[in-house]
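The values are calculated or read from the model by the stated rules, or taken from the named source; none is laboratory data. On a predicted model such as this, the values are computed, not experimentally measured, just so you know. All Cβ positions, even for glycine, are placed from backbone atoms using ideal geometry, and neighbour counts span all protein chains on display. Quick note on the areas: whole protein, heavy atoms, side chains included, nothing else; ligands and nucleic acids left out. Shrake-Rupley method; radii C 1.70, N 1.55, O 1.52, S 1.80 Å.
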Amino acid sequence: MKLMKTCLLAVAFLAVVHAASAQGKLNVVTTTEDLASIAREVGGDRVAVESIARGYQDPHFVEAKPSFILRLQRADLLIVVGRDLEIGWLPPLINQSRNAKVQPGAAGYLDASLQARILDLPTGQVTRAMGDVHPLGNPHYWLDPENGTIIAKSIAAKLGELRPNDRALFDQRLNDFTTRLDAAEKRWLAELAPYRGAKVVTYHRSYSNLADRFGLEIVGYVEPRPGIPPTPQHTLELIADMKRQNVKVVLVEPYFDLKTPNAIGRETGAQVLVLPPSVGGTKAITDYFTLFDYDVNLLAGALKQAAGK
Ligand SMILES: [Zn+2]
């Protein structure tokens with residue numbers, strides 16, 4: 001009888017263990033590699049994370065592939081940057097996945113921008129007229145480590161909601177991530193502190209949050225408006241402006257043609273710096289930490305050289 005009872009207990013115990021492991025890993029799909037990196041930090045071995053876009057692609061314009069639909073079909077959670085960043089390519093993919101879990105508004109859909117600090121918010125009517133691809137404020141907000149913390153918090157809360165049994169683990173991993181990120185941010189701030197107030201021009205408005213956090217002043221853009229290619233008229237005005245303000249650095253995302261930036265560089269004597277805005281933007285940038293390590297190092301080098309001129 002006693003043996004029987006022990007056996008039953010053992011069976012019950014195994015059933016519980018089996019139920020936990022049968023849950024398996026949560027399948028998380030993110031639109032960008034930045035969100036994927038943060039989701040891995042928070043989810044640890046309880047999640048399997050895949051990104052749709054690669055970090056060297058323009059996140060506004062990603063070519064849809066059938067494999068993306070398959071990924072979304074299997075997903076328990078979809079994390080998006082939001083603010084219309086993915087509006088040109090993601091909605092049909094979500095739709096075609098026919099996965100009820102990850103439809104906008106469902107429990108498995110997380111817009112990471114909801115709590116983040118968003119810059120360039122429009123003051124007038126919200127519109128995509130003139131091709132402006134930032135109608136809901138600047139969607140490149142992950143380039144501020146403090147928004148990284150906010151994104152991580154949103155992800156931890158969502159993972160805890162989907163897997164209540166692992167909530168304590170997610171909270172602990174969130175804590176560990178933010179502690180490391182805070183320490184790293186102090187290091188990055190110190191590295192760029194000598195160049196506070198330095199004036200730069202950027203191709204697209206990808207670096208507003210980065211500049212805001214690290215004290216750089218963006219005085220113009222190669223694009224006349226976000227998403228609109230350079231025009232000769234705008235380029236001439238920009239060159240005149242850069243000469244007037246003595247701007248010596250032009251930042252360019254890896255996916256833009258360097259022809260116009262190089263012409264601007266020749267006219268003004270400014271350095272043209274290809275600065276990856278995302279994890280995966282170049283081989284050395286493997287996660288959210290190395291993204292800032294790489295960019296801060298590159299910026300500090302260029303600004304140092306510019307200051308020495
Ligand atoms: Zn943009």
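Some values worked out for this structure:
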{"quantity": "Along principal axes, Cα extents of the stretch 64-168, largest first, whole Å", "calculated": "44, 34, 20"}
{"quantity": "Helix-only mean residue ellipticity at 222 nm for the chain, each DSSP H run of n ≥ 4 adding -39500 (n - 2.57), per residue, nearest 500", "calculated": "-15500 deg cm²/dmol"}
{"quantity": "Whichever aspartates and glutamates have a C-alpha closer than 14 Å to that of K199, once near sequence neighbours (fewer than 8 apart) are set aside", "calculated": "D212, E217, D241"}
{"quantity": "5 angstrom amide H check on V274, placed H, neighbours 5+ away", "calculated": "V252"}
{"quantity": "Between helix 232-245 and the chain: long-axis angle, C-alpha atoms, 0 to 90°, nearest 10", "calculated": "80 degrees"}
{"quantity": "Amide H partners (placed H, <5 Å) of V47, local residues excluded", "calculated": "L26"}
{"quantity": "Contact order relative to length of the chain, as percent, for alpha carbon pairs under 8 angstrom and 6 or more apart", "calculated": "16 percent"}
{"quantity": "Carbon/sulfur fraction of accessible area - the chain, other protein chains in place, 1.4 Å, %", "calculated": "56 percent"}
{"quantity": "Surface per residue (accessible, 1.4 Å probe) for the chain, Å²", "calculated": "48 Å²"}
{"quantity": "Of the chymotrypsin sites (Phe, Trp or Tyr not before Pro) in the stretch 43-72, those whose Cβ has at most 14 other Cβ within 10 Å and which sit in DSSP loop", "calculated": "F61"}
{"quantity": "Amide hydrogen neighbours beyond the local backbone of V200, cut-off 5 Å, H modeled", "calculated": "E217, I218, V219"}
{"quantity": "Diffusion constant of the stretch 254-309 at 4 °C, which comes from Stokes-Einstein with the Kirkwood Cα-pair radius and 1.567 mPa s, µm²/s", "calculated": "104 µm²/s"}
{"quantity": "Of every Cα-Cα pair in the stretch 157-309, the percent that sits beyond 24 Å", "calculated": "41 percent"}
{"quantity": "Extension reserve of the A106-R266 stretch, reckoned as 0.36 nm per residue once the Cα distance is removed", "calculated": "52.5 nm"}
{"quantity": "Efficiency of FRET from Cβ geometry, R54 and N165, R₀ 30 Å, rounded to 0.05", "calculated": "0.35"}
{"quantity": "Residue pairs, from the table K248/K283; K153/K283; K158/K248; K153/K304; K65/K248; K259/K283, whose Cα atoms sit over 32 Å apart", "calculated": "K158/K248; K153/K304; K65/K248"}
{"quantity": "Kirkwood hydrodynamic radius of the chain, from inverse mean 1/r over distinct Cα pairs, in Å", "calculated": "21.1 Å"}
{"quantity": "For the stretch 241-309 and the stretch 218-232, distance of Cα centres in Å", "calculated": "16 Å"}
